[in-house]
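The next block holds one structure in the form of structure tokens; read it before the comments.
The values are calculated or read from the model by the stated rules, or taken from the named source; none is laboratory data. Bear in mind the structure is a predicted one, so any value in this text is a computation, not a measurement. Because the Cβ atoms are built from the backbone with ideal geometry, glycine has one as well, and the counts that use them run over all protein chains shown.
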Amino acid sequence: MAEIVSNPKARRDYQILETFEAGLVLRGTEVKSIRAGHVQISDAFARVERDEVWLHNAHIEEYTHGNRENHVPKAPRKLLLHRSEIRKLHEFSAVKGNQLVPLSFFWKDGRVKVALAVGKAKAQYDKREDLKRREADREMKRELALRSKGR
């Protein structure tokens, strides 16, 4: 599984409750553009609409060598999931404060897949707590490294 692009804002802004792996319905020029690395998902989100899951706001640049049949960069794209997974996602997204966010695009068996997560929005103080915890861990590792070098 080679990662194409990740969404760092998702883990920072949301507490990840559950993750799903979904396929993506793409056109040829979209795949070529993704292969070239011209994709951005930091503002993307997913919705369950009429028993289908759609990815919105994912920006896949137009393919440079494409012709008039080139794709629209921010078009909604259908995600491929099992019916039971779609039901689960619908239940999760119905809860206030939950959001469906893509964590990353990756290659699996020559196909583009999406790591889709159910995230609960973090409050500002939760984000500050995470920063404090991360800083304390860094300090502790730094101290341990200094002590091990001193001996």
Checked the range 108-130 for anything assigned to a helix (DSSP H, G or I), surrounded by 11 or more Cβ atoms within 10 Å (Cβ to Cβ) and out of contact with any helix residue (DSSP H, G or I) (no Cβ under 9 Å at 6 or more places or on another chain); matches are ASP126, ARG128, GLU129
Taking the range 51-85 as the region of interest, how many residues are touching a helix residue (DSSP H, G or I) at 6+ places or on another chain (Cβ under 6 Å), hydroxyl-bearing (Ser, Thr, Tyr) and not in a loop (DSSP other than H, G, I, E, B)?
0
Which of the following residues is farther than 23 Å from ARG27 by Cα, in a loop (DSSP other than H, G, I, E, B), modelled with pLDDT of 85 or more and not polar (S, T, N, Q): LYS96, LYS88?
LYS96
Those residues that are closer than 17 Å to ARG77 by Cα and of a type in the set (Phe, Trp, Tyr), I need them from the range 1-45; list them, please.
PHE20, PHE45
Residue in the range 32-50 that is in a helix (DSSP H, G or I), touching a residue at least 12 places away in the same chain (Cβ under 8 Å), over 30 Å from GLU129 (Cβ atoms) and not basic (Lys, Arg) present:
yes
Among what's in the range 21-31 and is of a type in the set (D, E, K, R) and either farther than 13 Å from LEU100 by Cα or assigned to a loop (DSSP other than H, G, I, E, B) (or both), pick the residue that is modelled with the lowest pLDDT.
ARG27
Test of understanding: among ASP137, ASP51, which residue is on the phi > 0 side of the Ramachandran plot, exposed (fewer than 14 other Cβ atoms within 10 Å of the Cβ) and out of contact with any Gly (no Cβ under 7 Å at 6 or more places or on another chain)?
ASP51
